[in-house]
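To start, the structure under review is shown below, and the notes come after it.
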Amino acid sequence: MSHYNPLGHISIGVRDYEVSKAFYSAVLAPLGLNLVYDSEASHPGTKKVRTLGYGPDPQHELLNIFEFAEDATPPGPGFHLAFNAPTRMAVVEFHAMAMESGGTDNGLPGVRVHYGATYFAAFVVDPDGWRLEAVCKDPEEA
């Protein structure tokens, strides 16, 4: 029996499609999430909202990004998107890629003992103000 995951995907709005495509393609790669849908590649020249989709594969798209220009506004404090990382090194790479791709540090990679003895996480803010986390709950690698 396969594990049922009740969450299908999350959608966010961003101001700039190209900036977000570069940022999320770099930041999510260490977590095993790739660009699996690009409306520009699938439907060039259409007037619809440009859209990006990220996931481990096209059948498991987890994050949708819609370009809404100045109408895109992330929620305020208290909200963030947390992504599971396969290793602690992936958390470190997530943070480094965010810093190289226009993100802002919101918490360096490290153990957060107040969340758990092995809760290794990093926090960043994307170019639009979305708060993101990468977390690995596995014990330290040898």
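Highest GNM mean-square fluctuation among Ala26, Ala82, Ala122, for the chain modelled with Cα contacts below 10 Å: Ala82.
Comparing Ser25, Ser42, Ser11 in a Gaussian network model of the chain, where Cα atoms under 10 Å apart are tied by springs, the biggest mean-square fluctuation is seen for Ser42.
One way to sum up the overall shape of the chain is the equivalent ellipsoid from its Cα gyration tensor, whose semi-axes run 26, 18, 14 Å, largest first. The order of the peptides 90-96, 55-61 by mean Cβ neighbours within 10 Å, most packed first, is 90-96, 55-61. Taking the longest Cα principal axis of the chain as reference, the axis of helix 17-28 is set at about 20 degrees.
Taking Cα atoms only, the orientation of helix 88-100 departs from the longest principal axis of the chain by about 40 degrees. Helix-only arithmetic for the chain: the sum of -39500 (n - 2.57) across DSSP H runs with n ≥ 4, divided by the residue total, places the mean residue ellipticity at 222 nm at -6000 deg cm²/dmol. Looking at the chain alone, DSSP beta bridges between its own residues are antiparallel in about 70 percent of cases. When the trypsin sites (Lys or Arg not before Pro) in the range 32-118 are filtered for DSSP coil states and for at most 10 other beta-carbon atoms within 10 Å of their beta-carbon, the remaining sites are Lys47, Lys48. Within the listed set Pro75, Pro109, Pro30, the Gaussian network model of the chain (springs between alpha-carbon atoms below 10 Å) gives the highest mean-square fluctuation for Pro75.
Each reported figure results from applying straightforward, stated rules to the coordinates on display, with no laboratory input. Small disclaimer: the values here were computed from a predicted structure and weren't measured. Every residue, glycine among them, receives a Cβ derived from its backbone with ideal geometry; neighbour counts consider all protein chains shown.
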